[in-house]
Structure formats: structure tokens, C-alpha cells
Amino acid sequence: MKILISPDKFKFTFDAKQISFLIKNILHKVNPNFKITTLPISDGGEGFLDFIESVKTVKKINTEVKNPIFEAINSYFLFDEINKTAYLEIARTTGLDLLLYKNRNPCYTTTYGLGEQILIAKKLNAKNIIIGLGGSATNDAGIGMAAALGYNFLDKNDNKIIPIGKNLINIAKIEKTLKAEQFKDLNIRTITDVDNCLYGENGAAYIYAKQKGANKTEISNLDVGLQHFNNLVFEKTNINLNKIKGAGAAGGLGAGIFYFLNGKISSGSSYIIEQSNIEEYIKKTDVVITGEGKLDSQTLNGKIVYKISKLAKKYNKKLIIVCGYSEFNKNEIQKLGSPEIISIFDRKTPIHIAKKYTEKILERKLANITI
């Protein structure tokens, strides 16, 4: 029996690699003769570099950069020397998981560390930069990144402002220095499955800032700041960033990369399917096991678990979806090809409980499945 295990991360508990090996070890206890292949995946968020490392020949570039609250941290990105392509994951420079809970607030966080990594990649003569967007602690529309790359953001008195989310509203002028000109020839592509607009009820602040630590008043202020940033760009270029699909990704970083670096916003799941050659793996296997932390309406909106499910259905493979918990109804399950869904907890389960008991509960539930 050939089994392919290819899940996304279980947010805040297990990354894709960890959950893959956990499932593999449990199944080998069930039957040591199972032939198991693991292929951890990512939608562009946490685990993006792990995925790239598993499918590309790359070198790890260690870096010291600023974290979301301007503290020095050790991080890294990956570099393909032959194709002059750098792979960056913002979760490793501007990620929510890099901060203690008391320091989580997108009003005060920055994407500056991402800009520092782009600078280093440029010094390595990178021609292409691919950036996995996801898991950010920020809502600064990329002004932190841009500040590291040579942009100045000035208030009405021509004083430089600190490039954090709450200061978007204070920008009166965006000044591009000669330093910033060196990035105009870079081919930059972002990888994300977030298609939110920049501001408004479906924008970066109202949809994601709460989980990053902002309260209602702060969310409203951040949204006003994003609108103000959009207006500044529109006045200068006649470009409405709010109409760009995915501009709201990573606290508006999608919009920032588009504007400051002429970057392209790409579908994370499509990129992962293409680069992993996962369709060929599915053709040659008997059972496909995928999953993510939560199954909900976003899963059906083109996310990687949904696309793997469609491929399993296409080749008539048995499909098992493992998740932290599921909000699916019968109709939604049918859209995935009526797979067997293994939900470990309910939505009220605290994260520390999920971390502690996932292996034990999953071992019991996988022992009872029919393969």
C-alpha cells in the first residue's frame, strides 16, 4: 500500500514537516509495510522555505535582521546560485510567532527585516526573488521593507517617521532615494493564497489585525492608515492598490511589494502544485493524506488542501483529510470528493492543549481508519 502524506501547517501548533512525520510514524505503527512518502506543503506562509528546500537545490543564507519590533534576530533565506533566485519567507523576519504575546500588536510592528533580507539577496546578485507571504505580525503596507530599501517616509513637518502600522496615517510624503533605484531590475514574485483587498471590510486590518493583537479601535485606525497610503499612491501614480487582488496579504505587504518593487502577486497553491510535481506523486499512490489546522470556507477558496483533494478525486484515489477541527457541512465535504475527515479537536480547544494531546488523539483515530 502506497501512501502520500502531504499536509499544510497546523497553525500555532505544528508545521507541515512536523505533522507529516507525526502521521507517518503513527501509520508505521499501524502497519510497518506501508510505503509512505511525505511531501510537506505550504501556501506561502510558515513552512514555505521547508518546502522549497525539499524540491530545489539551494543554499541556506544566514542573516541577522530586525524582527517585527526592531530587535536583532538570526534568520535565513534560501538561494539558488545557478538560477540566481532567492527564496524568502516573511514568517522568519516579520512573523507573529517571533513575538511574545505581550508584544503582538500590528500598530507597532514592521516589515523592516524583510527589506534587509532583500538587500542581502541583491548583494548576492539575485535576479529573482520569490517571497512567501503568510504568518505576519504586521499591518504596515510594506513601508518597513521599503525603508530598509532606501525609501523615506516623512510627516507634514518633513520629519522621518518610524515605519510601523500606526504611522501610515502620518505619512505626508514618500521620498525615493538613489539607494532604492538599485532594485528596479529585480524580478519579484509573491506567493500567497490570501486575496483580500488593501482596506475596507474585506481588507488587511478588518480581516487579520485582530488575530495579530489589535483591538477594535486600533483596527479602525489601521484601516484608515491603509486608505491614506492608498490615496498617496493614487495621487502620485493613478494606481488604485485596493483594486489589486491580494494587496491586503500580510498586512498590506502585497500592496507594498507591488508598489515599491513592481512585484507580482501569485497564487500560493498553484505555485506549490507546479513546483512540487505533486500530481505525479498522486498518480502513483493509493492513498492521499492531506490536511491543515482548520477546514472552513477559506479551504474551498483555492487553498492547497482543496487543490490536492481535487487531484485525488481526478485520479480516483482514497483521500483522508486530517485537521485540528472542521467547520464543514455535508455539502462542503462533497465538494472535496467526500473524503474521510479526521478532526482532532473542537474549535474551543486551547492551543496548549492541542499541542499536548494531538499525537495521542491522532494515534487513536488513525488506528481505526480503513486503508
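The values are calculated or read from the model by the stated rules, or taken from the named source; none is laboratory data. Please read these numbers as outputs of a predicted model, since none were measured by experiment. Cβ sites come from the backbone with ideal geometry, for glycine too, and all protein chains shown count toward neighbours.
Annotations
- Of all the numbered requirements in (1) within 21 Å of the chain's Cα centre (by Cα); (2) over 16 Å from residue 145 (Cβ atoms), residue 230 misses one, and that requirement is (1).
- Test: residue in region 322-329 that is among the acidic types (Asp, Glu), more than 20 Å from residue 45 (Cβ to Cβ) and not assigned by TED's automatic domain parsing to the domain that holds residue 133: no
- Pair list, Cβ < 9 Å and 6+ apart or interchain, from region 273-297 residues that are within 16 Å of residue 54 (Cα to Cα) to residues that are of a type in the set (Asp, Glu): 273/279
- Only one entry of 257, 265 meets the criterion of being under 24 Å from residue 207 (Cβ atoms), within 15 Å of the chain's Cα centre (by Cα), at pLDDT 90 or above and part of a helix (DSSP H, G or I), and that entry is 257.
- When region 176-210 is filtered for residues that are more than 14 Å from the chain's Cα centre (by Cα) and in contact (Cβ under 8 Å) with a residue 60 or more places away in the chain, the ones remaining, listed by number, are 180, 182, 183, 184, 186, 187, 188, 205, 209.
- Taking region 1-107 and the strands (runs of 3 or more DSSP E) fully enclosed by it, the elements with 3 or more residues that are closer than 20 Å to residue 188 by Cα and within 17 Å of the chain's Cα centre (by Cα) are at 72-80, 85-89.
- Flag for residue 159 being polar (S, T, N, Q) and touching a residue at least 40 places away in the same chain (Cβ under 8 Å): no
- When residue 363 is tested against (1) buried (at least 16 other Cβ atoms within 10 Å of the Cβ); (2) among the acidic types (Asp, Glu); (3) closer than 16 Å to residue 292 by Cα, just one condition goes unmet, and that condition is (3).
- Of all the listed residues (26, 36), the sole one being touching a Lys or Arg at 6+ places or on another chain (Cβ under 8 Å) and not assigned by TED's automatic domain parsing to the domain that holds residue 249 is 36.
- Any chance residue 144 is in contact with a Lys or Arg (Cβ under 6 Å, 6 or more places away or on another chain), crowded, with 24+ Cβ neighbours inside 10 Å, at negative phi and modelled with pLDDT of 95 or more: no
- Scan region 315-371 for residues that are part of a helix (DSSP H, G or I) and β-branched (Val, Ile, Thr) and the total you get is 5.
- Note on region 35-44: residues that are surrounded by fewer than 20 Cβ atoms within 10 Å (Cβ to Cβ) and in contact (Cβ under 8 Å) with a residue 60 or more places away in the chain amount to 1.
- Single match in 242, 215, 230 (criterion: free of Cβ contacts under 8 Å to residues at least 24 places away in the same chain and among the polar types (S, T, N, Q)): 215
- Test for residue 342: is it assigned by TED's automatic domain parsing to the domain that holds residue 27 and surrounded by 12 or more Cβ atoms within 10 Å (Cβ to Cβ): yes
- Selection count where residues are out of contact with any strand residue (DSSP E or B) (no Cβ under 6 Å at 6 or more places or on another chain) and free of Cβ contacts under 8 Å to residues at least 60 places away in the same chain, scope region 104-119: 4
- Any hit, region 16-34, residues being in contact with a helix residue (DSSP H, G or I) (Cβ under 9 Å, 6 or more places away or on another chain) and of a type in the set (Ser, Thr, Tyr): no
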